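This report refers to the structure that appears directly beneath it.
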Amino acid sequence: MRFTTCPLDCFDGCSIAVNKDLKLKGNKSHPITQGYLCHHLNHYHTFERIEEARYLGQSIKINDALAILSEKLRTYEPSRTLYFKGSGNLGVMQGVTKRFFAEHKAVLASGSLCDEAGDAGISEGRGANLCLSPLHVKDAEVVILWGRNPSVTNSHMLPSLKGKTLIVIDPVKIDLAFNAALHIQIKPRGDLYLALLLCRLVAMEEMEDQTFLQERTLNYKDYLEFINGIPMRKLLDKSHVNLDEVGELLHLVKGKKVSILVGIGVQKYSFGHSVLRAIDAFGAMLGLFGKKGCGVGYLSNSGFGFTSPFKVNAKTEPLPIVNFGKYDLVFIQGGNPLNQMPCTSKVKEGLHKAKCVVYFGLHENETSSKADLVIPALSFLEKEDLKLSYGHPFIGRMPKLVDGKSGISEYALTQALLSSFGYEVLASEESIIEGVIASNSSEKDGFLISKTYEEYPYEKTFYTKSGKFEFLEEFDDDFDDEEGFFLIAAKQNKSLNSQFVTDDYLYVPLSLGLEQEERVRLTNRYGSAEYSVMPSDKLRDDCLLLYSGAKNANQLTPYAMSQEGNCATYQEMKVKLEKVQ
Ligand SMILES: Nc1nc2c(c(=O)[nH]1)N[C@H]1C(S)=C(S)[C@@H](COP(=O)(O)OP(=O)(O)OC[C@H]3O[C@@H](n4cnc5c(=O)[nH]c(N)nc54)[C@H](O)[C@@H]3O)O[C@H]1N2
Ligand SMILES: Nc1nc2c(c(=O)[nH]1)N[C@H]1C(S)=C(S)[C@@H](COP(=O)(O)OP(=O)(O)OC[C@H]3O[C@@H](n4cnc5c(=O)[nH]c(N)nc54)[C@H](O)[C@@H]3O)O[C@H]1N2
Ligand SMILES: [Mo]
């Protein structure tokens, strides 16, 4: 039996036992994985891979693909070459390709389709974004799931939720809402206002942790003044909650060890950074940071404390709104922008205009089908890598376990390009990987763990300049809550974004009186598309839902990015619905 780590974009970063037939099993002795895996890994070998490289629709040898790539890189101006990386594989070594493109003076798409708006807010208040792992949450008495859906996106958190008082804040009645002591079915985009409302009430009820506020925070008085200036009516209307619910929430958390687990649901908006700062402020007023079983956890900065081996200086463009059409050569690695990026019509138009689109990935998808040059990647079992997880502090080795039949690793592709262009080549994979590990790890129960978590997160310090927690001082919200439905973007069990088994239904509230498979058209200023519907009793009457990876998931999402963090804002819009006759 040999061991590796899951490469997928997920909180869990599972430790996997692999037998000689390459069957994957959850590592029983790993404190997070506890012997079980998700649907994706249990069926990993059943998903079709790209077997051969191809150019203009014709199969070619991998070496010919590399020769064509080199030739294209020489043909087009480096300043008109774009490097774009998705999050299909979150291994540290995936970033190696950036080394070549930076050296070549190409433009790098930089920013996020995911969590960076929230991350920016957390970084402003706490100086660094650390995780609350399942081992930490195990010691909580109350857990608030705030725009996060662990039974789908973080199943290895579930054992730590057993027996806890659960509070769910989500516009959707997610599975865990059925086990919750309280479900606040909040209006989408209302979380900032709910968090400020909670802060107001904590102050009114004198529930603050005064010692924490005095010793560990910076500008609390100004913050109180700021929130007291916002009319109560506005806070209630914008979040669409009532005082009974909020009172119940405060009653449930009073004097308890509380972990607040926040997901990306709350921050898919222009002011996403402020939402996280407001939730953090609520946590700080209750004095939750740096203590056993307590805290506010989000998708953390997994690389915090480690040296990053592929840090480069390069010209960048904001990723969520990058205009592919401005470039001659577009190199896309580990992503499917034609399905996953916001505003599909813009992406389509841009990729159509670019002279040569290269797709470097594992599976066929919307983007590979439009690419001129397709280069198959090796799977995580076939190359050397290392995983730092955004949901727990364990470091996962990912040794090469088997030779790949086709495809090339990111390291080998980069090394080939660097030497073809006469640039300085890379150090060995082993030395890069060991260098990262050595920079910030220690051993715990036979596993490597980030040194940052030898104590409770923020136990000794915040990572801001002042060393203290800093409250938010303002926010900017000019969204026009026009007529129409909110369109929620969420994750589902059998897909990992557009990989594996996707679900194309548009979920609609029962109040619309639509039948399963009825066809409807959604329209807004960004686009229009048709869907088959699936009625659901889990939605608010003002919400529709499409899962990540659904066909046409991004026809209506904004060509825009967040105020901070260069992040996509998938839910900063509303849609109109009409039946298709
Ligand atoms: N099985 C599976 N696991 C995954 C993924 C996957 O595709 N499939 N994707 C991975 C990735 S890339 C990520 S980033 C993480 C994301 O992990 P999560 O953040 O847990 O995932 P989401 O489903 O995007 O959002 C969580 C919840 O936010 C709610 N929500 C939407 N809008 C709002 C709002 O305005 N306010 C509030 N309070 N809630 C809102 C949704 O209804 C949803 O239940 O999961 C990772 N894990
Ligand atoms: N409408 C809507 N849009 C969304 C979201 C949503 O919830 N709703 N979620 C957003 C979020 S949170 C995220 S993180 C993004 C994700 O968006 P993407 O980063 O585009 O993720 P995937 O759809 O998983 O596509 C990843 C691709 O990586 C390739 N791949 C896998 N492993 C490897 C490897 O080892 N090497 C290489 N070279 N390629 C590999 C696979 O072929 C796969 O097609 O989408 C965002 N877009
Ligand atoms: Mo994500």
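A few remarks follow.
- Of residues in the range 328-341 being away from ligand 1 (no atom under 16 Å from the Cβ) and open to solvent by 10 Å² or more (accessible area, probe 1.4 Å), the one nearest to Leu108 (Cα to Cα): Asp328
- Checking the range 104-112 against the condition returns a match, with at least one residue being of a type in the set (Val, Ile, Thr) and under 30 Å from Ser270 (Cβ atoms).
- When restricted to residues that are part of a loop (DSSP other than H, G, I, E, B) and either away from ligand 1 (no atom under 15 Å from the Cβ) or open to solvent by less than 10 Å² (accessible area, probe 1.4 Å) (or both), the range 72-93 contains 3.
- Of everything in the range 101-114 that is out of contact with any Phe, Trp or Tyr (no Cβ under 7 Å at 6 or more places or on another chain) and not in a strand (DSSP E or B), the residue that is least open to solvent (accessible area, probe 1.4 Å) is Ala102.
- Yes/no for Glu470 being charged (D, E, K, R) and surrounded by 19 or more Cβ atoms within 10 Å (Cβ to Cβ): yes
- Residues that are open to solvent by 30 Å² or more (accessible area, probe 1.4 Å) and over 17 Å from Glu572 (Cβ atoms) within the range 545-560 comprise Tyr547, Lys551, Asn552, listed in sequence order.
- Sole residue being assigned to a loop (DSSP other than H, G, I, E, B), within 16 Å of ligand 3 (Cβ to nearest atom) and among the aliphatic types (A, V, I, L, M), chosen from Leu8, Leu22, Leu37: Leu8
- Near pairs, Cβ below 9 angstrom, 6+ apart or cross-chain, from the range 276-298 (touching a residue at least 12 places away in the same chain (Cβ under 8 Å)) to any residue that is hydroxyl-bearing (Ser, Thr, Tyr) and in a strand (DSSP E or B): Ala284/Thr217; Met285/Thr217; Leu288/Ser259; Gly293/Ser259; Cys294/Ser259; Gly295/Ser259; Val296/Ser259; Gly297/Ser259
- Scan of the range 131-151 for residues that are buried (at least 23 other Cβ atoms within 10 Å of the Cβ) and either part of a strand (DSSP E or B) or free of Cβ contacts under 8 Å to residues at least 24 places away in the same chain (or both), ordered by number: Val143, Ile144, Leu145, Trp146
- Glu517 being open to solvent by 40 Å² or more (accessible area, probe 1.4 Å), closer than 30 Å to Phe212 by Cα and either among the hydrophobic types (A, V, I, L, M, F, W, C) or modelled with pLDDT of 95 or more (or both): no
- Some residue of the range 189-201 being away from ligand 3 (no atom under 16 Å from the Cβ), out of contact with any Asp or Glu (no Cβ under 9 Å at 6 or more places or on another chain), free of Cβ contacts under 8 Å to residues at least 24 places away in the same chain and not small (Gly, Ala, Ser): no
- Every residue from the range 388-409 that is more than 16 Å from ligand 3 (Cβ to nearest atom), open to solvent by less than 30 Å² (accessible area, probe 1.4 Å) and not in a loop (DSSP other than H, G, I, E, B): Phe394, Ile395, Gly396, Met398, Ile408
Yes/no per residue for (1) surrounded by fewer than 21 Cβ atoms within 10 Å (Cβ to Cβ); (2) outside any helix (DSSP H, G or I); (3) away from ligand 1 (no atom under 16 Å from the Cβ):
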{"residue": "Gly118", "(1), (2), (3)": "no, no, no"}
{"residue": "Leu158", "(1), (2), (3)": "yes, no, no"}
{"residue": "Leu166", "(1), (2), (3)": "yes, yes, no"}
{"residue": "Glu206", "(1), (2), (3)": "yes, yes, yes"}
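- Scanning the range 123-136 for residues that are away from ligand 1 (no atom under 14 Å from the Cβ) and touching a Leu at 6+ places or on another chain (Cβ under 8 Å) yields Glu124, Gly125.
- When the test is whether a residue is more than 30 Å from Tyr44 (Cβ to Cβ), touching a residue at least 12 places away in the same chain (Cβ under 8 Å) and among the small types (Gly, Ala, Ser), Gly484 passes it.
- Enumeration of residues in the range 345-367 that are out of contact with any Leu (no Cβ under 9 Å at 6 or more places or on another chain) and surrounded by fewer than 23 Cβ atoms within 10 Å (Cβ to Cβ): Ser345, Lys346, Glu349, Gly350, His352, Lys353, His363, Glu364
- Filter result for Pro171 (open to solvent by 10 Å² or more (accessible area, probe 1.4 Å), closer than 24 Å to Tyr193 by Cα, at pLDDT 95 or above and within 9 Å of ligand 1 (Cβ to nearest atom)): yes
Residue-by-condition table, conditions (1) under 27 Å from Phe380 (Cβ atoms); (2) free of Cβ contacts under 8 Å to residues at least 40 places away in the same chain:
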| position | (1), (2) |
| --- | --- |
| Phe47 | yes, no |
| Arg54 | yes, no |
| Ile60 | yes, yes |
| Leu66 | yes, no |
| Leu73 | yes, no |
| Tyr76 | no, no |
| Ser79 | no, no |
| Gly86 | yes, no |
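- Residue list for the range 339-387, restricted to those being part of a helix (DSSP H, G or I) and under 26 Å from Lys61 (Cβ atoms): Leu351, Glu366, Thr367, Ser368, Ser369, Lys370, Phe380, Leu381, Glu382
- Hits in the range 39-65 (condition: surrounded by fewer than 19 Cβ atoms within 10 Å (Cβ to Cβ) and under 20 Å from Gln415 (Cα atoms)): Lys61, Ile62, Asn63, Asp64
- Residue within the range 259-269 that is within 16 Å of ligand 3 (Cβ to nearest atom), touching a Gly at 6+ places or on another chain (Cβ under 8 Å) and open to solvent by 20 Å² or more (accessible area, probe 1.4 Å) present: yes
- Some residue of the range 485-507 being open to solvent by 30 Å² or more (accessible area, probe 1.4 Å), touching a His at 6+ places or on another chain (Cβ under 8 Å) and not in a loop (DSSP other than H, G, I, E, B): yes
- From the options Ser511, Ser450, Ser466, Ser441, residue that is in contact with an Asp or Glu (Cβ under 7 Å, 6 or more places away or on another chain), in contact (Cβ under 8 Å) with a residue 24 or more places away in the chain and away from ligand 3 (no atom under 16 Å from the Cβ): Ser511
The values are calculated or read from the model by the stated rules, or taken from the named source; none is laboratory data. Keep in mind that what you see is a predicted model, and the values were worked out from it rather than measured. All Cβ positions, glycine included, derive from the backbone under ideal geometry; neighbour counts span all protein chains shown. Quick note on the areas: whole protein, heavy atoms, side chains included, nothing else; ligands and nucleic acids left out. Shrake-Rupley method; radii C 1.70, N 1.55, O 1.52, S 1.80 Å.
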